[in-house]
Amino acid sequence: MKTLIIIPAHNEEDSLPTLLGELKGLGYDTLVINDASTDTTAAVAAAYGSPVASLPANLGIGGAVQTGFMYAVRHGYDAVVQLDGDAQHNPIWLDDVLAPLRSGRADCVIGSRYTRENFDVDYKTSFPRRMGMYFSSGVLYLATGLRITDTTSGFRALNRDAFTFFATDYPVEHPEAEALCMLYRAGFKITEVPVKMRGRAAGESLFTMSKAALYPYRLILGFLGLALKKRRYQR
């Protein structure tokens, strides 16, 4: 499978060298989406030989990832994997995350920290993030019946049908759970595989306390919008 690693990054000049250094030599194409960074994110990515798509305005994680999907469609990729620019997603798990796509068992694969068979006890999740994950998992289950243990994970692999679907319509802010609902409604197969993640070594998370407080309301509004929206695609 011709695979593209999509790396959304906003002010990740200190974290990108770790991630891009680990990816070098693994044989995957990469694309760093520089989401209007004010530091040297774009220059660091270019120095490591990665193509860079620099956005003129900050679009957030959803807009940055969708840019990667559009690039993958245009350049004929068979699969994409999203790895966050903060280097918390370790590339050693890439083959595990891609395996269900290669076997045809799934269209979207989530790298999960919280599967029962391999719970990542070493990863420390902040209280606001943990509560947000529990809340989004519950809302997703009520809306679709899907039991996903790590709805907030940005470590994801998608086949061509799935990322082509998202290239024209993708949630903008904190899109992870809404995107899964969209895939389910369109008839795509979703699964999880256990992975271990690392803590952020540099930079600052964009998930602030104020955003954490607003997250439940935004999530509910997003799901209500999906419920009222006419399905544009059925697999």
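Any read-out appearing in this document is the output of simple, stated calculations on the displayed coordinates, not a laboratory observation. All values derive from a computational prediction rather than experimental measurement. When we count neighbours, we look across all protein chains shown, and the Cβ atoms used for this are built from the backbone with ideal geometry, even at glycine.
Brief remarks follow.
- On the basis of the beta-carbon distance and an R0 of 22 Å, D78 and R198 show a calculated FRET efficiency of 0.20.
- Environment charge of P171, counting only residues whose C-beta is closer than 11 Å and scoring Lys/Arg +1, Asp/Glu -1: -3
- Highest average first, the peptides 171-181, 36-46 ordered by how many other beta carbon atoms sit within 10 Å of their residues are 171-181, 36-46.
- Two-site label geometry, D169 and K229: point separation in nm, points 7 Å out along Cα→Cβ: 0.6 nm
- Computed FRET value (nearest 0.05) for I220 with R116, which takes r as the C-beta separation and R₀ as 22 Å: 0.20
- Near I5: Cβ cut-off under 14 Å, other residues only, Lys/Arg at +1 and Asp/Glu at -1. The net charge is -2.
- The orientation-averaged projection of the convex hull spanning the C-alpha atoms of the chain amounts to 12.0 square nanometres.
- Residues considered: L224, L16, L94. Largest GNM mean-square fluctuation over the chain, using C-alpha springs under 10 Å, is found at L224.
- Antiparallel DSSP beta bridges within region 54-192, percent to nearest 5: 70 percent
- Förster radius 41 Å - calculated FRET efficiency between Y48 and R130 (Cβ-Cβ, nearest 0.05): 0.80
- Per-residue packing, averaged as other Cβ atoms within 10 Å, sorts the ranges 51-61, 76-86 into the order 76-86, 51-61, beginning with the highest.
- Region 1-66 - Rg (one decimal) and Dmax (whole number), Cα, Å: 11.2, 35
- In plain terms, the chain from R147 to T18 could stretch by 43.2 nm, reckoned as 0.36 nm per residue minus the Cα-Cα distance.
- Placing unit charges on the Cβ atoms only, positive for Lys and Arg and negative for Asp and Glu, gives the chain a dipole magnitude near 980 debye about its Cα centre.
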